[in-house]
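The values are calculated or read from the model by the stated rules, or taken from the named source; none is laboratory data. The model shown is predicted, which means the values in this text are computed figures rather than measured ones. Cβ atoms come from the backbone with ideal geometry, glycine included; neighbour counts cover every protein chain shown. Ligands, DNA and RNA are excluded from the accessible area calculation, which covers all protein heavy atoms including side chains. Shrake-Rupley method; radii C 1.70, N 1.55, O 1.52, S 1.80 Å.
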Amino acid sequence: MKGISGGAPRIISWNITLRCPLKCAHCYVDAGEQEAEGVLSTEEAFKVIDQICETGKPVVVLSGGEPLMRDDIFAIARYGTEQGLRMVMGTSGYLLDQAMAKKLHESGIKAVAISIDSADPSIHDAFRGIDGVWERAVQAISFCRDEKISVQINMSVMQPAMSDVKEVIEVGTALGVRDYQLFFPVPTGRARLIEPRCAEEYEDLIRQILIKYRDSDLHIRPTCAPQFLRIADDLGIKNPAWGRGCIAGISYCRIYVNGDVTPCPYLPVSAGNIRAAPFPEIWNNSEIFAALRDPDHLTGKCGRCRFKTTCGGCRARAYRGADAFSPRWCDGLAPPDTAGGDICGEDPCCPYEPEEAAT
């Protein structure tokens, strides 16, 4: 590893468990009834938090699987809170009843992202593989708000239909939710079985979303679609809160359940394992992260694009290359010396063709 500092991480997503009661069609880690091998223990989790604090005070997203299936989840959240970290959680809401919401509040959880993929309960439940998930997710939102926990709705946009997005946001606003993350599909894990749609269709949907909500006081951000910043620029829409398009390895990373650190959940290339090297060493010295932090490493049309410092292209899709259009690829971790794709290549799912060289 070469010595290069990436600055302090801003967000860390942590797959704290791979256990989950649901059977979501798009699960990128293929979570289920069985726990992953080599899952970090409670004491190891505390050490990870201590090491994270050495790099700064990022937001730590406790994710899964379903994080509420870990018996020690409140102890981990409380420990992180005591160390001065902003601890938040991503959940389906299926297990989040009033008692759980109270425990989350007591452990210092500041915000919870709850998944709602459709305004139609039957569609959401079919997508999640269990009946009654939609109703529990809606109840969970109310329980969290009762405990003064901020709520964000995460929507997996599995088809490019503006009506679907609008209806989910309407459901959320009726519940008092102001924050929305719209996730565009990256076919990893079980999502590899979902037939990908035309890139131009999603491009058009992003444009519709930006136009409809340009004057709204809601906080809406397309995710896993860094080209939304290029589209926003074309529309004359600016929002400093959006930051950069793809932040993988730059201000964001994922800690996998076994301690592997990857640039993002959808880019399964390990930059190192915290059982072998402290998190600050991985964050600051990984050659993978160093490459992602230098826009001059980008190749193909991403390297020529004038938006390479703001959009950057989806690095997970670039890593997959031509397979980004195929549902055959599955998630998994690869050590740096056997990475099979080009993390700095062009994003094959971006239809934009640069007209001028980047400067």
- Among the residues of region 170-202 satisfying the criterion of being crowded, with 21+ Cβ neighbours inside 10 Å, outside any strand (DSSP E or B) and hydroxyl-bearing (Ser, Thr, Tyr), which is modelled with the lowest pLDDT? Thr188
- Scan region 210-238 for residues that are among the aromatic types (Phe, Trp, Tyr) and either surrounded by fewer than 16 Cβ atoms within 10 Å (Cβ to Cβ) or under 21 Å from the mean Cα position of the chain (by Cα) (or both) and jot them down. Phe228
- Query: in contact with a strand residue (DSSP E or B) (Cβ under 9 Å, 6 or more places away or on another chain), of a type outside the set (S, T, N, Q) and under 24 Å from Ala277 (Cα atoms) - does that describe any residue in region 87-102?
  - Reply: yes
- How do the helices (runs of 4 or more DSSP H) wholly within region 58-144 filter down when requiring 1 or more residues that are at pLDDT below 95 and under 21 Å from the mean Cα position of the chain (by Cα): which remain? 121-128
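Check whether at least one residue in region 33-48 is in contact with a helix residue (DSSP H, G or I) (Cβ under 8 Å, 6 or more places away or on another chain), modelled with pLDDT of 95 or more, under 25 Å from Asp125 (Cβ atoms) and surrounded by fewer than 18 Cβ atoms within 10 Å (Cβ to Cβ), and report yes or no. It would help to see each step written out before you state the result.
Here is the first cut: in region 33-48, the residues in contact with a helix residue (DSSP H, G or I) (Cβ under 8 Å, 6 or more places away or on another chain) are 40, 42, 45-46, 48.
Now drop any that are not modelled with pLDDT of 95 or more, which leaves 40, 42, 45-46, 48.
Then drop every residue that is not under 25 Å from Asp125 (Cβ atoms), which leaves none.
No, region 33-48 contains no residue that is in contact with a helix residue (DSSP H, G or I) (Cβ under 8 Å, 6 or more places away or on another chain), modelled with pLDDT of 95 or more, under 25 Å from Asp125 (Cβ atoms) and surrounded by fewer than 18 Cβ atoms within 10 Å (Cβ to Cβ).
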- Query: Which of the residues that make up region 281-290 are open to solvent by less than 20 Å² (accessible area, probe 1.4 Å) and either among the hydroxyl-bearing types (Ser, Thr, Tyr) or within 21 Å of Lys47 (Cα to Cα) (or both)?
  - Reply: Ile282, Trp283, Ser286
- Note on the structure: Across (1) open to solvent by 10 Å² or more (accessible area, probe 1.4 Å); (2) more than 16 Å from Ile52 (Cβ to Cβ); (3) out of contact with any Gly (no Cβ under 6 Å at 6 or more places or on another chain); (4) of a type in the set (A, V, I, L, M), Val269 clears everything bar (1)
- Query: Hey, among the residues in region 65-86 that are in contact with a strand residue (DSSP E or B) (Cβ under 6 Å, 6 or more places away or on another chain) and in contact (Cβ under 8 Å) with a residue 40 or more places away in the chain, which one's surrounded by the most Cβ atoms within 10 Å (Cβ to Cβ)?
  - Reply: Gly65
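Restricting attention to helices (runs of 4 or more DSSP H) lying wholly within region 253-320, give those where 1 or more residues are more than 18 Å from Ile12 (Cβ to Cβ) and more than 21 Å from the chain's Cα centre (by Cα).
Details: elements: 279-285, 287-292, 300-304, 315-320.
Qualifying helices (runs of 4 or more DSSP H): 287-292, 300-304.
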- Those residues that are open to solvent by less than 30 Å² (accessible area, probe 1.4 Å), in a loop (DSSP other than H, G, I, E, B) and farther than 21 Å from Arg207 by Cβ, I need them from region 145-169; list them, please. Ile149
- Message: Scan region 255-265 and tell me whether some residue there is closer than 17 Å to Cys302 by Cβ, modelled with pLDDT of 90 or more and buried (at least 19 other Cβ atoms within 10 Å of the Cβ).
- Response: yes
- Task: Scan region 145-158 and report the pairs whose first residue is at negative phi and whose second residue is open to solvent by 50 Å² or more (accessible area, probe 1.4 Å) and in a helix (DSSP H, G or I), with Cβ atoms within less than 8 Å and a gap of 6+ or a chain change.
- Result: Asp146/Gln98; Glu147/Lys102; Glu147/His105; Ile149/His105; Val151/Arg145
